[in-house]
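The values are calculated or read from the model by the stated rules, or taken from the named source; none is laboratory data. If you're wondering where the values come from, they're calculated on a predicted model, not measured in any experiment. So basically every Cβ, Gly included, is an ideal-geometry build from the backbone, and we count neighbours across all protein chains shown. Accessible surface is based on the protein model in full, side chains and every heavy atom, while ligands, DNA and RNA are left aside. Shrake-Rupley method; radii C 1.70, N 1.55, O 1.52, S 1.80 Å.
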2 protein chains.
Amino acid sequence: MSKYLFGIDLGGTTAKIGLLSEEGRLFEKWEIPTRIENFGRHILPDLAAAIEKGISENGLTKEDILGVGLAVPGAVTNEKDVAVCVNLNGWGGCDIAQEFTAMIGLPVKAVNDANAAALGELWQGGGKGFRNMVLATLGTGVGGGIIIDGKLLVGAHGSGGEIGHMKLYPSLSDAEGRTELCGCGKSGCSEQFASATGVVRLAREMGMTDADSKFGFLSSKDVFDKAKEENELALSVVARFADELGRLLANVSAVADPDVIVIGGGVSKAGDFLLDLVQAAFRKYAFPPCEGTLFALAELGNDAGFYGAAKLFID
Amino acid sequence: MSKYLFGIDLGGTTAKIGLLSEEGRLFEKWEIPTRIENFGRHILPDLAAAIEKGISENGLTKEDILGVGLAVPGAVTNEKDVAVCVNLNGWGGCDIAQEFTAMIGLPVKAVNDANAAALGELWQGGGKGFRNMVLATLGTGVGGGIIIDGKLLVGAHGSGGEIGHMKLYPSLSDAEGRTELCGCGKSGCSEQFASATGVVRLAREMGMTDADSKFGFLSSKDVFDKAKEENELALSVVARFADELGRLLANVSAVADPDVIVIGGGVSKAGDFLLDLVQAAFRKYAFPPCEGTLFALAELGNDAGFYGAAKLFID
């Protein structure tokens, strides 16, 4: 008999929870608040109560549940040891899987949230049907998740797929004289240009201002909206952005050589308009055998994390 | 009872063959010429004869042999399908493993030669004892081989680990105005600067000439020899080269996050002198959690390929 899975995507504000079949069909999803006070000591008991409720309210028993996957905002090694999570007030730093299993009596596996999103998109989203995928999530920074032959590339230091921190300029003070530091403390990181924040940075440098925004504060959406209206300045900003992102993704392909590159995050709402430009730039820079690498938009949005966490129990 | 393995590294001039134990101990190695005439139709029969001879001359029978690993100068998918090999006069383009098995009555697995070298160095060379490794082979270009959790990253188009073709400059005509194309047909590839050829290119640009060579034609060895003698110009060339290579490897780490980076190829003969400089540059550019990534020199030289080919039969 087919069994059920829970996936949890634990964020700093809420935890998103999904109940899925082994085949990846979603039965129910809901959210609970994340209580980060007292170094996060309420987090696991709150999640345990939510899972118990999810089981009983759906007329299930623990025997029906294959396992609970937990995506967390921090580095995870071996599907169990979670590093201290800055955004959860210092929660983590131990074998969370064992602790949670002791609490709920079900198998638990943990995973980094960006990696979970990649696994989710591979299972039921933009990467469905492929074995080798790169997910680039374009938001404040550039998150990455890499799947090789169906498995996450976690890395020796939990930093596999940290593609936003590739240095695409020759020196620490980059080619165009910027000295603004990346969140990682270094400079010249691709996410300073290839993210949502990066679109706005490029736009301001190229002459766009808050006056170009519908809401009085220039956003990446404003830039793409103006570009779609064929505003010349916005088009040149988007072209520049697509070139940065295309080169980044070509460089990722020269290492990981995926079947498909999936673009997610806020910027991906620009849709096929963005995808076509990025793919053209990618082809310009890609190692020739990789020029035909497919591009797709992420499909699961904020649900990708819990899908991917649940997927940890499916080979 | 412990069994034996053959590893073959098929090159355009000779094939190197090794007889090894399952534990990676080398019993014998020898070479035979590669006859590439007639589209390489002699290649497999010649190799079959060499293996038969290797078995009988060592007092073995086919029952003692676990398998024959074959490293080839071309893309390989699924350990059997070999792409057409340009350097072997068009040989390949079919399931070489099946063809060779039919000829010698032993299990055969095929692998790309750069990937085989990485697998060899992981098994018995500079990466011994690790599960995640990047091999950067610095010769005419920059060859790469990437191992994730003990397995080769082959890639969807057989281009996994083609790190020499990362584009480290913002545009196709690179930041410093060079327009010389890479062998792949594009420009701005890291191997134009981070290879043995790249050392010489940088040296000439920075003012070194053939008069700085012991043999009348400037080589990367000349540059490193002069640098070790504390020649200022040579030292600045080497510093620049190390910076290029360090940034390349930091970018590779932001994708693959290995435990250890192994440096091989002709340039690696510069030894710890080079390694220390590259590691310092790497730390400058690396995503902080990866700064402690280990560095090592390749140890197997030209034997790495047959070691790695044999390793295909060991989990």
* Shielding score for B:280-289, defined as the mean number of other chain Cβ atoms within 10 Å -> 5
* Rounded to a whole number, what % of the accessible area of segment B:150-275 do carbon and sulfur atoms account for, probe 1.4 Å? -> 53 percent
* Asked: Which value, in square angstrom to the nearest 100, describes the accessible area buried between chains A and B on both sides, using a 1.4 angstrom probe?
  -> 3600 Å²
* Note the angle between two axes, namely the Cα long axis of helix A:113-124 and the longest principal axis of the Cα atoms of chain A, as a number of degrees from 0 to 90, rounded to the nearest 10. => 80 degrees
* Structure fact -> Among B:Lys29/B:Lys80; A:Lys16/A:Lys228; A:Lys284/B:Lys284; A:Lys53/A:Lys151; A:Lys128/B:Lys186, the pairs whose Cα-Cα distance exceeds 26 Å are A:Lys16/A:Lys228; A:Lys284/B:Lys284; A:Lys53/A:Lys151; A:Lys128/B:Lys186
* Please work out whether segment A:268-315 counts as rounded, prolate or oblate from its C-alpha gyration tensor, where a ≥ b ≥ c are the square roots of the eigenvalues and a/c under 1.5 means rounded, while otherwise a/b larger than b/c means prolate and anything else oblate? => oblate
* Asked: If we hang a label 7 Å off Cα along the beta carbon direction at A:Glu22, how far is it from the matching labels on the other copies, in nm, shortest first?
  -> 3.3
* **Copies compared at A:Thr77 - label distances in nm, ascending, label defined 7 Å from Cα in the Cβ direction** => 3.5
* Asked: When chain A is modelled as a GNM with alpha-carbon springs shorter than 10 Å, which of A:Ser195, A:Ser268, A:Ser56 fluctuates the most?
  -> A:Ser56
* Structure fact -> Expected response for nearest chain B Cβ to the B-A rotation axis, distance in whole Å, is B:Val255, 2
* **Solvent-accessible area lost in complex, 50 Å² minimum, residues of segment A:229-250 relative to chain alone, 1.4 Å** => A:Arg247
* Can you run phi through the Karplus equation (6.51, -1.76, 1.60; θ = phi - 60°) for segment A:244-260 and list ³J(HN,Hα) in whole Hz, with x for Gly and Pro? -> 4, 5, x, 5, 4, 5, 5, 5, 4, 5, 5, 9, 9, 6, x, 6, 9
* Asked: Does chain B come out rounded, prolate or oblate, given a ≥ b ≥ c as the square roots of the eigenvalues of its C-alpha gyration tensor, rounded meaning a/c under 1.5 and, failing that, prolate meaning a/b above b/c?
  -> prolate
* To do: For segment A:79-149, just say rounded, prolate or oblate: build the C-alpha gyration tensor, square-root its eigenvalues into a ≥ b ≥ c, call rounded for a/c under 1.5, and beyond that prolate if a/b exceeds b/c, oblate if not.
  => oblate
* Provide an ascending nm list, one decimal, of label-point separations from B:Leu233 to the equivalent residue in each further copy; define each label point as 7 Å from Cα along Cα→Cβ. => 4.9
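Ignoring any ligand, DNA or RNA, what whole percent of the accessible area of segment B:1-117 comes from carbon and sulfur when the probe is 1.4 angstrom?
It is 52 percent, rounded to a whole number.
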* To do: For segment B:128-299, give the magnitude of the charge dipole about the Cα centre (Cβ charges: +1 Lys/Arg, -1 Asp/Glu; no others), in debye to the nearest 20.
  => 320 debye
* Give the whole-number value, in cubic angstrom per residue, of the convex hull volume spanned by the C-alpha atoms of the protein assembly as shown. => 178 Å³
* Asked: What's the average, rounded to a whole number, of partner chain beta-carbon atoms within 10 Å of each residue's beta-carbon in A:140-150?
  -> 2
* Asked: What residues have an amide H closer than 5 Å to that of B:Ile65, excluding those fewer than 5 places away on the same chain, when H is modeled at 1.01 Å from N in the peptide plane?
  -> B:Tyr4
* Asked: If amide H atoms are built 1.01 Å from N in the plane of the peptide, which residues on other chains or at least 5 residues away come under 5 Å of the amide H of A:Gly144?
  -> A:Thr137, A:Ile163, A:Gly164
* **Euclidean distance of C-alpha centroids, segment A:39-56 and segment A:68-146, integer Å** => 17 Å
* For segment A:126-299, state what percent of all Cα-Cα pairs lands in each successive 10 Å bin, counting from 0 Å until the bin that includes the largest distance. => 10, 39, 36, 13, 2
